[in-house]
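Scroll down for the structure; my scribbles are underneath it.
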Amino acid sequence: MRCPFCGHEASQVKDSRPTDDNSAIRRRRQCEACGARFTTFERIQLRELTVLKSEGRRETFDREKLERSVTIACRKRPIEPNSIDRVVTGIQRQLETLGESEIPSQRIGELVMDALQGLDSVAYIRFASVYKDFTAAQDFARIVGALKDDLTDNS
């Protein structure tokens with residue numbers, strides 16, 4: 001594992017333990033060259049996923065990109081980082097168990113929307129505004145109205 005401080009290629013594992021939700025292994029490492037300590041996380045990857053973008057381009061699935069998108073939608077909301085990690089892990093597991101190696105980006109967006117709707121309505125609306133490319137206030141009114149209807153139906 002490359003040291004993030006000095007770039008040296010070798011490090012020693014000082015401690016390993018599962019994360020709270022058992023979705024990854026947390027490893028404390030120490031660089032053999034500079035002695036700096038850092039943490040890495042190892043996650044199980046069931047299959048290699050490729051994202052099919054709407055314009056036809058293909059790119060490798062990037063968990064960090066998904067996590068950034070969800071984190072941005074949840075910014076300044078009373079949501080614990082562990083909750084965001086569980087959402088991202090859940091979406092990744094759903095994608096890996098679909099049985100397909102190529103996933104349309106729209107499918108990923110729908111899974112994020114579903115997860116955020118159950119987590120926080122403001123984060124859901126924020127993500128929807130980018131994902132659905134809102135251009136006017138009426139777009140916000142439409143999704144808030146749909147959200148209200150869903151809340152009424154579930155009451």
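The values are calculated or read from the model by the stated rules, or taken from the named source; none is laboratory data. Quantities reported herein were computed from a predicted structural model and do not represent experimental measurements. No Cβ is skipped: glycine too gets one built from the backbone with ideal geometry, and neighbour counts run over all protein chains shown.
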* Asked: Going by the structure shown, is R47 surrounded by 12 or more Cβ atoms within 10 Å (Cβ to Cβ), touching a residue at least 40 places away in the same chain (Cβ under 8 Å) and of a type in the set (D, E, K, R)?
  -> yes
* To do: Kindly check whether there is at least one residue in segment 85-103 that is of a type in the set (S, T, N, Q), over 25 Å from P4 (Cα atoms), under 14 Å from the mean Cα position of the chain (by Cα) and modelled with pLDDT under 95.
  => yes
* Only one residue in D149, D120 is without any contact (Cβ under 8 Å) to a residue 60 or more places away in the chain and touching a Lys or Arg at 6+ places or on another chain (Cβ under 6 Å), so which one is that? -> D120
* Qualifying residues in segment 1-41 (those that are among the acidic types (D, E) and either in the same structural domain as N82 (by TED's automatic domain parsing) or assigned to a loop (DSSP other than H, G, I, E, B) (or both)) - the one farthest from I91 (Cα to Cα) -> E32
* Answer with yes or no whether I79 is crowded, with 18+ Cβ neighbours inside 10 Å, β-branched (V, I, T) and outside any helix (DSSP H, G or I). => yes
* To do: Would you be able to say whether some residue in segment 98-111 is farther than 29 Å from R47 by Cβ and not acidic (D, E)?
  => no
* Would you be able to tell me the number of residues in segment 82-104 that are crowded, with 16+ Cβ neighbours inside 10 Å and closer than 23 Å to R57 by Cβ? => 6
* Conditions: (1) in a helix (DSSP H, G or I); (2) in contact with a Phe, Trp or Tyr (Cβ under 8 Å, 6 or more places away or on another chain). K65 meets all but one. Number of the miss? -> (2)
